[in-house]
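Read through the structure below, which is laid out as structure tokens, and then see the notes.
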Amino acid sequence: MQVNRLNIVVAGRMNAGKSTFTNALTQNSTSIVDATPGTTADAKVTLMEIHGLGACRIFDTAGIDELGQLGLKKRKKTLKLIQQADIVVLVNSEVSDEYKYQLIINEYARQLQSNNSLADASIYALQAEEQIKQFCVKKNKQFIEIFNDKNANGIINKLSSMSHPRFRTNVQKTDAHDLAQIIKDNTVLGSENGAEVLPKFIVDLKQNENVLLIIPLDKQSPKLRLLRPQEQTIEALLSHKLTPICFRLDLDAARGKNGLTAQQIELAALNDIVDKNKPAATITDSQAMDIIKNLKTPLTTFSVMQMHLLLGQNLFKYTNESIKALETLKNKNQPKILISEACQHDRITQNCDDIGTKQIPGYLNKMFKNPQIIYSFGKDDELMDNEFDLVIHCGGCMISTQHMQSRVGGFKDKNIPVVSYGTFLSYATGGMNAVKRVLDVW
Ligand SMILES: Nc1nc2c(ncn2[C@@H]2O[C@H](COP(=O)(O)OP(=O)(O)OP(=O)(O)O)[C@@H](O)[C@H]2O)c(=O)[nH]1
Ligand SMILES: [Mg+2]
């Protein structure tokens, strides 16, 4: 069962004391602390339960002011994490003019080796914190600024500020509970915990009504476990005293790939379970849309449900607009379409119709004029930064709310339409009416 965690990202300049802060907050010495700038080369995550905050994921990040190609990679990674943050702690070591001067000299020396200009060096050294602040404001992130005064004692002083909470303390000497308290007192915490998974009309069904779940079987289905949205739905139905009726639909058999007899048997079994249980609603894996689209019950898909949940019950604010692209793109030659899955998995494409690499591209090639299909499978690869006419995104069953919001938010910022796998496959198999059907139940 996935735990919903609060993402706290500790960011700032090199040597500001980010790792010292992380170690102090987590009461651990897992992050390496050193006077060498750039000690933390990649983000480091600590899972922790903080009393009053709940389950947290604390990211110690690389400083964002390192120059050169490696510095650029570190900065990109840190900004990506800030995008997924619920709370950003900006550790800001207060520095004297003399220190700033020294910093520029040091950077200059580094740049002589890596061919960058002094101008770049001084800009990064002095504006890094400002960059983070502006990024947080742009991305609507809550952030707290902590001046790490290495000469002070461990007493926290609140500094005046018009815009965001600011504090001064010696991070190394400050009690972990006091650091946690700053975060608790100065942020508004929201979480997916307790959010309703099911559409309201299902929640409102009479007790003991049946809800049919189509959980397909193909060669890629995991053995001895269900996928997260499937488990989640079963738990939610049981909690509402509804009865999940699960049907393991063999996709190949139902599509006639194992011969006519096998197909008839599979479809008869599906009809039988419907006749016997008279479900009040159906929730299906979107892959099975082509097979079950004629069922008479109200219908939605696991990926629509999962995306809706991960987007903070706000799926339709953005994706309802996006649906129009499915129609308008038909007039465009070579539309650029991204098929995006949040995680990587082993695809057994020779033996089965993988949804991302076979089924969806198959439909795209029929629906659009010479589509350019691009794939992005895996967490956050560089491809996500490109321009597209349409993004078709999986339900995100392996990622957190913050991660999904940052992925979809990134496309939204660029006005790139995003639809879920379920919405797309509904459209591909039944047009706009089918899309309306799976979305209207919400
Ligand atoms: N005295 C004192 N020294 C500190 C404090 N915080 C950090 N330092 C020192 O400052 C140096 C840098 O601290 P780190 O915590 O490694 O800084 P960082 O921001 O993680 O740096 P990078 O990983 O290089 O980006 C180390 O030598 C620390 O011992 C503090 O509160 N008091
Ligand atoms: Mg560090």
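Computed from the coordinates by the stated procedures, all read-outs in this text should not be read as laboratory data. Just so it is clear, the model here is predicted, and its values are computed rather than measured. Using ideal geometry, Cβ is built from the backbone for each residue, glycine included, and neighbour counts are taken over all protein chains shown.
Side notes on the structure shown:
- Mean ellipticity per residue at 222 nm, deg cm²/dmol - from DSSP H runs of n ≥ 4 across the chain, formula -39500 (n - 2.57): -12500 deg cm²/dmol
- The HN-Hα couplings worked out from phi for the range 405-413 by the Karplus form 6.51 cos²θ - 1.76 cosθ + 1.60 (θ = phi - 60°) are 5, 6, 5, 5, x, x, 6, 4, 4 Hz, whole numbers, x standing for Gly and Pro.
- When the C-alpha to C-alpha distance is required to be over 19 Å, the pairs from LYS74/LYS412; LYS324/LYS369; LYS324/LYS412 that qualify are LYS74/LYS412.
- Evaluating 6.51 cos²θ - 1.76 cosθ + 1.60 at θ = phi - 60° for every residue in the range 182-188, the Karplus couplings come out as 4, 5, 4, 6, 10, 9, 9 Hz, glycine and proline recorded as x.
- Candidate lysines for bridging to LYS296, where Cα separation is under 20 Å - those fewer than 8 sequence places away on the same chain excluded: LYS200, LYS206, LYS276, LYS278, LYS436
- Expressed in units of 2.2 N^0.38 Å, where N is the residue count, the Cα radius of gyration of the range 148-256 is 1.94.
- Other-chain or far-sequence residues with amide H under 5 Å of GLN142's (modelled H): VAL88
- Using θ = phi - 60° in the Karplus curve 6.51 cos²θ - 1.76 cosθ + 1.60, the 3J(HN,Hα) couplings for the range 318-327 round to 9, 6, 4, 5, 5, 4, 4, 4, 4, 7 Hz; x is entered for Gly and Pro.
- In terms of surrounding Cβ atoms within a 10 Å radius of their Cβ, HIS240, HIS177, HIS393 rank from fewest to most as HIS177, HIS240, HIS393.
- Farthest toward the positive end of the dipole of the chain, out of ALA325, SER93, PRO244, is the Cα of ALA325, where the dipole comes from beta carbon charges about the Cα centre.
- Rg/Rh for the chain (Cα atoms only, Rh after Kirkwood) is 1.05.
- Amide hydrogen neighbours beyond the local backbone of THR39, cut-off 5 Å, H modeled: ASN15
- Span from the the range 18-90 Cα centroid across to the the range 191-253 one, whole angstrom: 37
- Cβ-Cβ FRET estimate between VAL33 and ASP175, R0 fixed at 22 Å, reported to 0.05: 0.80
- In nm, spacing of pseudo-spin labels at GLU196 and ARG437 (7 Å Cα→C-beta vector): 2.4
- Summing Cβ point charges (Lys, Arg +1; Asp, Glu -1) relative to the Cα centre of the chain gives a dipole of roughly 740 debye.
- Unit charges at the beta carbon, dipole of the chain: most positive-side option, ALA288, ASN433, LEU53: ASN433
- Simple spin-label estimate for LEU226 and HIS51 in nanometres, 7 Å along Cα-Cβ: 3.7
- Förster radius 60 Å - calculated FRET efficiency between SER161 and LEU267 (Cβ-Cβ, nearest 0.05): 0.35
- Linear extension gain, ASN140 paired with SER239, 0.36 nm per residue minus alpha-carbon span: 32.2 nm
- Magnitude of the charge dipole for the range 228-357, about its Cα centre and with charges confined to Cβ atoms of Lys, Arg (+1) and Asp, Glu (-1), is about 460 debye.
- Debye-formula intensities of the range 200-303, expressed as log10 I(q)/I(0) at q = 0.15, 0.24 Å⁻¹, are -0.61, -1.40 (one equal scatterer per alpha-carbon, no solvent).
- q = 0.09 Å⁻¹, the range 318-440: log10 I(q)/I(0) [Debye, one scatterer per Cα]: -0.23
- Only beta bridges with both residues in the chain are counted; by DSSP, about 20 percent of them are antiparallel.
- Only lysines eight or more places from LYS73 in sequence, or on another chain, were considered; those with a Cα closer than 17 Å are LYS44, LYS379.
- Of the residues GLN27, MET14, GLN372, the one whose Cα sits farthest towards the positive end of the charge dipole of the chain is GLN372 (charges of +1 on Lys and Arg Cβ, -1 on Asp and Glu Cβ, taken about the Cα centre).
- Residues LYS293, LYS276, LYS18, sorted so that the one with the fewest Cβ neighbours within 10 Å comes first: LYS276, LYS293, LYS18
- Close amide H partners of CYS246, meaning residues 5 or more places away or on another chain with modelled amide H under 5 Å apart, are LEU213.
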